[in-house]
Amino acid sequence: MTDRSLDMLIDEIVLGLAEPADVARVEAMAADDPDIAARLDRARARFAPLDDTADELELPEDFWARVERDLDGADSLADTPAEARAPAEVIDLSGVRRAMTRWRGAAIGGLAAALLLAVSLGWTLMNPAQPAVIAVLLNEQGEAVALVESRPDNTTRVTLLEQADVPPDRVMQVWTKPEDDGPPVSLGLLARGLSDTLTIEGLPAPHAQQLYEITVEPEGGSPTNLPTGPILGKGLAKAPVI
């Protein structure tokens, strides 16, 4: 299983869309692997705002009365002698079951995709603090490869817009220049090659026209604390209109 498919499965587990067998398998993996356990915790934290927006609904007043009535009816039927019951017509529902299984799978897949897209694109809306700056990073061909959203405390969300071609022994590293005439500062690594949220302390609040870029560096990050590898994308930040 790739990291990307595992992350999607973790998101489905947190959303309650995964099969019980998959839930048990991932929970067993998390018990033995702190990295998977941390990814589960991050997913739960990311989807927590969805729970906060859900309203609690009370059961109808006659709900339990209807359940008891149905149970009483089932008991009465069970007490009736078999020879006194009307003969039942046998109907083959196997085709209907197969169709419903396909529809259920398609519906769950669509719901999961919609929720994941909403969380990915709605990171700004679902966090109390609005980003101070937003930057679209472009490659040499002028194509957008990443979206950077940085909050006043330099918590930075990096959303990749396409899969980067990074060798197995290399890693993507995110940089910024808080001061135009100062050196680049590393915001962190995209170690799994996926979108991620990075946090760094000790920097001034981000500002418009601040440079952001992603480079390819040796595993573990740049050995010089400065960009050394090819640039995957770069761009200048702008303040959002709120």
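Since every read-out is calculated from the coordinates, none of them should be taken as a lab result. Please read these numbers as outputs of a predicted model, since none were measured by experiment. Don't worry about glycine lacking a Cβ; one is built from the backbone with ideal geometry, like all the others, and counts go over all protein chains shown.
Shown is the FRET efficiency for Glu68 and Leu17, computed with R0 = 30 Å from the Cβ-Cβ distance and rounded to the nearest 0.05: 0.40. Going from the residue with the fewest nearby Cβ atoms within 10 Å to the one with the most, Leu17, Leu9 rank Leu17, Leu9. Relative to the current alpha-carbon distance between Glu140 and Ala28, full extension at 0.36 nm per residue lengthens the span by 35.9 nm. With the simple spin-label model, which puts each label point 7 Å out from Cα in the Cβ direction, the Ile200 to Thr159 separation comes to 2.2 nm. Counting neighbouring beta carbons within 10 Å and listing from fewest to most, the residues Lys234, Lys177 come out as Lys177, Lys234. Residues in segment 210-227 carry Karplus couplings, in order, of 6, 7, 10, 7, 10, 10, 9, 10, x, 4, x, x, 4, x, 9, 6, 9, x Hz; the curve used is 6.51 cos²θ - 1.76 cosθ + 1.60 with θ = phi - 60°, and Gly or Pro positions show x. When Phe63, Phe47 are arranged by Cβ crowding within 10 Å, least crowded first, meaning fewest neighbours, the order is Phe63, Phe47. Here's the picture: charge each Lys and Arg Cβ at +1 and each Asp and Glu Cβ at -1 in segment 133-236, and of Leu226, Leu161, Leu138 the one pushed furthest to the positive end of that dipole is Leu161. Pairwise Cα distances in segment 133-236 exceed 21 Å for 25 percent of all pairs.
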